[in-house]
Amino acid sequence: MYSLKVVSYFSAAHRLRDYHGKCEVLHGHNWKVEVEIKAKEVGKNGMVMDFKVLKSLLRECLERLDHGYLNEIPPFDKENPTSELIARYIFKTLKDKVSSKASLGKVSVWESETTCASYWEND
Ligand SMILES: Nc1nc2c(c(=O)[nH]1)N=C([C@H](O)[C@H](O)COP(=O)(O)OP(=O)(O)OP(=O)(O)O)CN2
Ligand SMILES: [Zn+2]
């Protein structure tokens with residue numbers, strides 16, 4: 001198996017609902033997002049998928065969130081903008097966009113240098 005990873009970042013504000021503590025108050029993070037794709041084979045060019053294409057797909061997905069107030073951007077106007085649900089949102093957005101030779105592995109969202117949540121689905 002092959003595994004590829006790309007990393008990107010976005011900055012946004014949020015506040016947590018149903019949460020008692022300082023995170024119920026409006027604040028922001030510089031989120032780091034790591035996306036993994038997996039494949040059994042490489043193509044003729046020796047690549048599973050061009051990193052450049054994967055990074056551009058991820059950047060496109062994060063543009064909707066960057067410098068926004070997450071609580072007002074669907075689906076986070078309805079669901080809590082936690083790192084877990086942000087990871088799931090990114091996974092669902094990218095799932096059908098990766099190369100047909102590959103499948104999306106894990107999406108990890110780092111809210112700080114010490115806290116990370118991941119989402120993936122079984123093949
Ligand atoms: N499982 C999750 N727990 C928390 C999430 C989350 O997305 N998933 N998010 C938060 C808040 O967004 C909060 O901003 C971060 O909280 P916390 O780590 O407590 O904040 P600090 O950076 O100030 O860290 P300290 O180590 O406590 O100083 C909370 N939990
Ligand atoms: Zn927060």
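Of note:
- Scalar couplings 3J(HN,Hα) for the stretch 3-15, obtained by applying the Karplus form with A = 6.51, B = -1.76, C = 1.60 to θ = phi - 60°, are 10, 10, 10, 10, 10, 9, 9, 8, 10, 7, 9, 7, 9 Hz; x denotes Gly and Pro.
- Amide H to amide H, with H built 1.01 Å from N, Gly43 comes under 5 Å of Val48, counting only residues 5 or more places away or on other chains.
- Note, ³J(HN,Hα) from phi for the stretch 104-121, Karplus 6.51, -1.76, 1.60, rounded to Hz, x at Gly and Pro: 6, x, 10, 10, 10, 10, 9, 7, 8, 5, 10, 10, 8, 10, 10, 9, 8, 10
- Residue among Ser11, Val35, Tyr119 farthest towards the positive dipole end of the chain, charges placed on Cβ: Val35
- In order along the stretch 49-62, phi translates into HN-Hα couplings of 7, 4, 3, 4, 5, 5, 5, 5, 4, 5, 4, 4, 5, 7 Hz, rounded to whole numbers, per the Karplus curve 6.51 cos²θ - 1.76 cosθ + 1.60 with θ = phi - 60° and x for Gly and Pro.
- Loop-located trypsin sites (Lys or Arg not before Pro) in the stretch 86-121 whose Cβ has at most 15 other Cβ within 10 Å (DSSP): Lys95, Lys97, Lys101
- With Cα atoms, 0 to 90° folded angle of helix 83-94 axis to the chain main axis: 40 degrees
- Diffusion constant of the chain at 25 °C, which comes from Stokes-Einstein with the Kirkwood Cα-pair radius and 0.890 mPa s, µm²/s: 163 µm²/s
- Helix-only arithmetic for the chain: the sum of -39500 (n - 2.57) across DSSP H runs with n ≥ 4, divided by the residue total, places the mean residue ellipticity at 222 nm at -6500 deg cm²/dmol.
Taken together, the values in this text are just the output of simple stated rules run on the coordinates, not laboratory data. The shown structure was predicted, so the numbers you read here are calculated from the model rather than taken from an experiment. Using ideal geometry, Cβ is built from the backbone for each residue, glycine included, and neighbour counts are taken over all protein chains shown.
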